[in-house]
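Input: a single structure, listed below in structure tokens.
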Amino acid sequence: MPEEVKVQDADLVFALDIGTRSIIGVVGRVSGERLHVLAIEKEEHGRRAMLDGQIEDIDQVAKVAREVTDRLEQRLGCVLKRVCVAAAGRALRTERGHFSLELPQVSRIESDLISHLESGAVSDAESRLSDSQESPQRRFYLVGYTVSSYLLDRYPLITLKGHNGQQLEADVVATFLPSEVVESLYTVMEAAGLEVASLTLEPIAALNAVIPADLRLLNLVLCDIGAGTSDIAVCRDGSVVGYTMATTAGDEITEELMRRYLIPFQTAERMKMELDTQTITYRDVLGLEQSVPSAEVREALLGAAKSLSKEIAQRVVDINGAPPSAMFLAGGGSKLLGLKQLVAQALEMDEKRVALAGNNYEMSAFSEEYELNDPEFATPLGIAVSAGLGLISDSYRIMLNDQPAKLFRSGTLTVLDLLMMNGYNSADLVGRTGKSLSVTVDGQRMTFRGQSATPCVLRLNGQEAAPSALVYAGDCIEFIPAVQGDSAARTVRELLGMDFPGGVLVNGKPVGMEYVLSSGDQIVTTEEPLETPEPEPEPLEPPELEEPEESGEPAEEAAEWAADEEEAPELPEPAVSAVQESPAPAGNRSRPLYVYLNGSALILPGKPDGAPYYLMDLLDRSGIDFETLNCPVELLVNGEAGAFSQELKNNDQVIIRRQTLLDR
């Protein structure tokens, strides 16, 4: 028997740092209050597949991510499926938010109240973001937030949990990224066969590895210098007060070397790492072997390094208001010889107050196999530590089918919005009635409707919900897509009855009683049986025809279905229905249903099986093309929000209409 392959268990933390120049994978398991690092793998991109932290070549980045994952799986002897990732700070937007909560009486503060408080503050930050947007249509994704302060009865506290009070306040710093930045990250992980278990922002992750919470009373700054971006986080008075980024980073240094010495990118990268040697040897693009003193190379880089330092210093002062008490440099770009001295000079700080990250990692992570005090490990370790130790603020998380849902925050969020954001479409929500079968029998048109779709299951926090219901932080949604109904099908025998004694012509040709009808067939009956061709044709599946359209009845059929609106408010039972149904089984007590749809009277013939009508049965009679729908739809029954599976009753007033901007 082959040995059974182990699969990643719930406690095994797998993190990938998708960097501009390389991908680093870390796997570990929480032990006590620290992450025990079990394996680390790194692989550089074969070509420049990313630019300034943004994914450009999805296939190439996914390939490298898969290679790193494969090597980690081989080392650990298990299959990795769930990955924790972080988005780079490119185009990030930071907003502050405030929220207060007044309780009816003095109460003990538990997690649910804190979650409510924090999510209110995040919503306030989101509103500020929306108000400041030049293009309201652009979607932004909430990638993380930190609480900058709590007040309980106007008294500042580090945490509220377990305290007693009545008036709660919270201030947060929330960070948002454009949807395209985050979507590309999700796409890469999907292409690599991985499922995103958590998402945060790279500077948030790096901060959690470099500056533990108990050090944040000091005014400290972390600058994570990668290849494409320099991400900056600032903390003081016990909390994080802001994030920012600069698009100037390590690649500017590399490109300066490329121009100065006419060398390929990889050669320039190697030369940066050899600045502490006496002589650097390289081969230029002309194929000539060259040697140059490292001091000369350092001098050649001085201008670019000073520009990088000044840009970082300016960003720090902009967000902090002044130079900090101390500063940590992290990321591969921080290893450039002499850079920390240049940053200290640009900020007019004592050089001893600027240090490379790494010495503090041991407070949150450890390993028997790896030396972790490398500035380049700040982000990958931070991602793993943040997820493993529960440091990612997820009070604004919404669960969809027991998994965290993607949340592109842009104003209020409905159930329908969230489902659309997470890959579902209108067909999953609405379902489709099976195709109708329309034939003409001795000059009389007869239509047999297909079976109704099986309704979707849509529950919000365990209760049946309408698609228009608003969702909030901590909500749980259960959704099972609708299933399309079977198309109508009839044989000649089923149409005319088991005891029909005569003959049948379909489209001018005699057929047997088991002939399967198709829409548009012209049927003529005779009193005497007709000779049918031999052999009798095998039953055929009805072809998939375009008509009748199921997104809405043809105009003449719709007119036949709808009763005159000006007739009595209590709908009269019609003497004859223009749409015929197959004979109901003996004892079937199904009756017509009389409702109003968008103000017009509608007669619904009883279903052959006696089943009730649901709100979703009226969707294809609303005149709305759900296949091309690009705006919300309002569903009301007697003035209240309706659910797809809501059963209809006689004289119900149903509204199914598109929402306009004024409605919203």
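The values are calculated or read from the model by the stated rules, or taken from the named source; none is laboratory data. Note that this is a predicted model, so its numbers are computed, not measured. Quick reminder, even Gly has a Cβ in these numbers, built from the backbone with ideal geometry, and neighbours come from all protein chains shown. What goes into the accessible areas is simple: the full protein's heavy atoms, side chains included, and nothing from ligands, DNA or RNA. Shrake-Rupley method; radii C 1.70, N 1.55, O 1.52, S 1.80 Å.
What the pair-distance distribution of region 189-299 shows, using all Cα-Cα distances binned every 5 Å from zero, is 2, 10, 16, 13, 11, 12, 12, 11, 8, 4, 1, 0 percent. Along the axis of the charge dipole computed for region 243-347 (Cβ charges of +1 for Lys and Arg, -1 for Asp and Glu, origin at the Cα centre), the listed residues Ser325, Leu302, Leu286 are led at the positive end by Ser325. Taking every protein chain into account, the accessible area of region 249-308 amounts to 53 square angstrom per residue (probe 1.4 Å). Other residues whose C-beta falls under 11 angstrom from the C-beta of Asp276 contribute a net charge of +2, scoring Lys and Arg +1 and Asp and Glu -1.
The Cβ shell under 9 Å around Leu168 holds other residues with a net charge of -3, Lys and Arg each +1, Asp and Glu each -1.
Only Cα sites of region 159-226 enter the Debye sum here, all with the same form factor; the resulting log10 I(q)/I(0) across q = 0.29 1/Å is -1.30, listed in q order. Sorted on the mean count of surrounding Cβ atoms within 10 Å across their residues, most packed first, peptides 218-226, 501-509, 591-599 read 218-226, 591-599, 501-509. Taking Lys and Arg as +1 and Asp and Glu as -1, the other residues whose beta-carbon sits under 13 Å from that of Asn360 total -1.
Output the relative contact order of region 215-265, whole-number percent, from Cα pairs under 8 angstrom with separation of 6+ residues.
Taking the mean separation of contacting Cα pairs over the length of region 215-265, I get 30 percent.
Three principal axis extents of region 63-107 based on alpha-carbon atoms, in descending order, are 57, 33, 12 Å. Given +1 at the Cβ of Lys and Arg, -1 at the Cβ of Asp and Glu and no other charges, the dipole of region 416-507 around its Cα centre is 360 debye to the nearest 20.
For the residue pairs Lys272/Lys340; Lys435/Lys607; Lys42/Lys306; Lys310/Lys335; Lys63/Lys306; Lys81/Lys272, the C-alpha atoms sit more than 26 angstrom apart in Lys42/Lys306; Lys63/Lys306; Lys81/Lys272.
Peptides 155-168, 281-294 ordered by packing proxy, namely the average of other Cβ atoms within 10 Å per residue, highest first: 155-168, 281-294. A dipole drawn for region 170-216 from +1 and -1 charges on Cβ atoms has a positive end, and of Pro203, Met189, Leu215 the residue lying farthest that way is Leu215.
Kirkwood hydrodynamic radius computed over region 191-244 comes to 12.2 Å, based on all pairs of distinct alpha carbons.
Quantify, in whole percent, the carbon and sulfur part of the accessible surface of region 267-380 (1.4 Å probe; protein heavy atoms only).
Heavy-atom surface of region 267-380 belonging to carbon and sulfur, 1.4 Å probe: 46 percent.
For region 100-203, relative contact order (Cα pairs under 8 Å, six or more residues apart, normalised by length) works out to 35 percent.
Equivalent-ellipsoid semi-axes for region 109-183 (Cα gyration tensor, √(5λ), whole Å, largest first): 29, 12, 9. Ordering Ala268, Gln345, Met258 by Cα displacement along the dipole of region 228-386 toward the positive end leaves Gln345 in first place; charges were set at the Cβ atoms of Lys, Arg (+1) and Asp, Glu (-1).
Over region 281-386, the hull volume per residue, using the convex hull of the C-alpha atoms, is 165 Å³.
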